[in-house]
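Have a look at the structure below, then the notes.
A short reminder: the numbers here are calculations on the coordinates, not readings from a lab. Note that this is a predicted model, so its numbers are computed, not measured. Quick reminder, even Gly has a Cβ in these numbers, built from the backbone with ideal geometry, and neighbours come from all protein chains shown.
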């Protein structure tokens, strides 16, 4: 295990050395370089891609591969359609509404109360990202609840916090590109261990393409890609960093690259599927341990790079949420100069780096209670997809958002009626809730719009009749 600690410390110091320092708010919040230039297409694409390759995502993809074969990997890769969807929708919002963030769009369209509700959802999402990634790292050093587990998680958080404070968004973009190159190279090495032992054909034919065989989760992923990306500021913040068309192109590349990366990562779990390697909740670690220390170190660095890219972006999004988005809602904070907003953002980073790891000290039930699932945010789909509608009543926002949160919460606690299930697979209930729930949220969103249109038409007819009588 000494090798793993050396890898962790070496990784942390490397990121500190290579991360640039931001001198102003444009660099800290918007990722501009020292000459004031925006991030290029390829840098933005690389950053967007690796920030969505969470350590937990790699583990989940491999676990699904271990459970369902190739279909499991395809199902998790389906979530990466979220990135192009976000790019297309955000580009359209920027063109139509001339805003610099989703929060600004919501303030202008639905008011402060709706925006605060949205930001609450966003902050819960970011809070979850802290502990869920550090927990994966800690598990490589010790069993949950042991001293090595906590020490590794906290040390990893400390290194990430230091280089995030150093450069904010600019630091995140640069280190993301480094982390992507490192993760891709190491994934290549890991697959070099897997493929010679199995061959390509068994991997590509592993599993059963049916609802029971994991297709139900693939359909869930495709449905959630319409809403899931909008509650993730790690992704959406990057939608406002560069020129609109360049951003859209970068998001398309990131979506395709992310899906390919995560599908290949699932092959590690498919090895466990084919060779019946037992695992509890971490098939990559089980496979790596079966291959020996060298493979375990490689897998550990893959997790470090993926978790680091997500965690630094999470802290940066926390800081932007406080220094820019929340400040825009508070008249007192609006008057703070740029240097003050950067100081506020850094303070929030420190607070959330500490608070975000506190759930690790609790049991699994507390972790589940703090988790905001993709199902809970299904109501965001109509709110952002129908941004082109004019004069939408504020009521539409709340009729879409809250029923989705209620349905997602009921599903999380197993309280959804059985008649809502679709098929008989493991995710039959999840598929039913997402399909029927999305239809419900969309219908409720459009109901006040239709009522307003009918009322306006009746008013127009009434005025016309009065004119005829006169």
* To do: Would you mind checking the tilt of helix 2-18 against the longest principal axis of the Cα atoms of the chain, expressed as 0 to 90 degrees and rounded to 10?
  => 50 degrees
* Using the alpha-carbon atoms, what tilt in degrees (0 to 90, nearest 10) does helix 112-139 show relative to the longest principal axis of the chain? -> 10 degrees
* Quick one: grab the alpha carbon gyration tensor of region 161-315, order the square roots of its eigenvalues as a ≥ b ≥ c, and give me rounded if a/c is under 1.5, else prolate or oblate depending on whether a/b is larger than b/c. => oblate
* Asked: Tell me, what is the percent relative contact order of region 375-470, built from C-alpha pairs under 8 Å that lie six or more residues apart?
  -> 35 percent
* To do: Give, in nm to one decimal, the length gained when the segment between residue 459 and residue 435 is fully stretched (0.36 nm per residue of separation minus the Cα-Cα distance).
  => 5.0 nm
* Asked: So what is the relative contact order of the chain, in percent, for Cα pairs below 8 Å that sit 6 or more residues apart?
  -> 28 percent
* Can you put 176, 143 in order of Cβ neighbours within 10 angstrom, beginning with the fewest? => 143, 176
* To do: Return the distance in nm (one decimal) between the two label points of a simple spin-label model at residue 252 and residue 406, each offset 7 Å from Cα along Cα→Cβ.
  => 4.1 nm
* Label point 7 Å out from residue 289 along Cα-to-Cβ: which residues of region 1-41 have amide N under 14 Å? -> 1
* Asked: Rounded, prolate or oblate: which one fits region 227-329, using the alpha carbon gyration tensor with axes a ≥ b ≥ c (rounded when a/c is under 1.5, else prolate when a/b beats b/c, else oblate)?
  -> prolate
* Would you mind checking the tilt of helix 55-68 against the longest principal axis of the Cα atoms of the chain, expressed as 0 to 90 degrees and rounded to 10? => 80 degrees
* Structure fact -> Quick calc, residue 204 & residue 426: beta-carbon distance into FRET formula, R0 35 Å, rounding 0.05, result 0.95
* For region 2-362, what does the alpha-carbon gyration tensor say about shape, rounded, prolate or oblate, given a ≥ b ≥ c as the root eigenvalues, a/c under 1.5 as rounded, and a/b over b/c as prolate? -> prolate
* Structure fact -> Of every Cα-Cα pair in region 13-77, the percentage lying beyond 18 Å is 58 percent
* Label 7 Å along Cα→Cβ of residue 343; region 19-42 residues with amide nitrogen under 13 Å? -> none
* Asked: Where does each of 282, 33 land when they are ranked from fewest to most other beta-carbon atoms within 10 angstrom?
  -> 33, 282
* **Separation of the residue 34 and residue 447 label points, Cα + 7 Å toward Cβ, nm** => 5.8 nm
* Asked: By how many nm would the segment from residue 419 to residue 154 grow when fully extended, if each residue of separation counts as 0.36 nm and the alpha-carbon distance is taken off?
  -> 90.9 nm
* Could you compute the FRET efficiency for residue 42 and residue 120, with r as their C-beta to C-beta distance and R0 at 51 Å, rounded to 0.05? => 0.90
* Mean Cβ count within 10 Å, highest first, over the residues of peptides 412-422, 203-213, 98-108 -> 98-108, 203-213, 412-422
* Asked: Can you give the FRET efficiency for residue 222 and residue 112, using 1/(1 + (r/R0)^6), R0 = 30 Å, r = Cβ-Cβ distance, to the nearest 0.05?
  -> 0.35
